[in-house]
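Only one structure is covered here, and it is reproduced in the block below.
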Amino acid sequence: MTGPTTPVGVAVVLCNDRCLVGTRSDDIPLAGRCEFPGGKCLAGESPRDAAVRECREETGLEIEPVALLGQATHVYDHGSVDVQFWHCRPRADAAEQASHRGFHWVAVDRLDADHFPAANAEVIEALRSNSPAESGDQTESTHEA
């Protein structure tokens with residue numbers, strides 16, 4: 001499939017060697033695959049801010065972006081995406097809730113890239129090897145703090 005590449009922000013929320021993972025619903029592309037909270041950027045929104053917004057909308061969890069973990073461009077049957085993966089941490093005691101709207105905490109060493117969309121593979125490998133390629137907070141926020 002050809003066409004424009006869609007910018008996507010993904011929140012890799014880490015807390016106590018666990019990360020927040022959900023399952024893609026049956027009515028969207030890549031249904032049944034595991035996923036980190038995230039989604040398409042709105043007009044004028046940075047991938048960093050999209051990751052924070054999408055995490056709040058999908059899970060109810062307020063997070064803080066820490067660092068850019070990685071970036072991947074991938075072409076799927078349904079379109080091309082340019083994904084930024086942001087290492088984030090939960091704010092306050094929110095992480096201790098048992099469930100976040102269908103998302104749940106999974107030990108990092110139990111992540112399996114084969115269960116996620118292909119664009120996630122390098123980030124999952126970096127998380128599992130405990131050496132994410134952090135490059136710092138390089139993308140400016142598009143909203144006031």
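Please treat every number below as a calculation from the coordinates, not as lab data. Please read these numbers as outputs of a predicted model, since none were measured by experiment. Cβ: placed from backbone, ideal geometry, glycine included. Neighbour counts: every protein chain shown.
Structure data summary
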{"item": "Cut-off 12 Å between beta-carbons: net charge of the residues surrounding G102, Lys and Arg +1, Asp and Glu -1", "result": "0"}
{"item": "Distance in nm between pseudo-label sites at T23 and A107 (7 Å out along the Cβ direction from Cα)", "result": "2.1"}
{"item": "Packing-based order for 120-128, 103-111, 27-35, using average beta carbon neighbours within 10 Å, highest first", "result": "120-128, 103-111, 27-35"}
{"item": "Convex hull volume per residue for the range 5-128, taking Cα atoms only, in Å³", "result": "99"}
{"item": "Overall form of the range 1-66 per C-alpha gyration tensor (a/c, 1.5; a/b vs b/c)", "result": "oblate"}
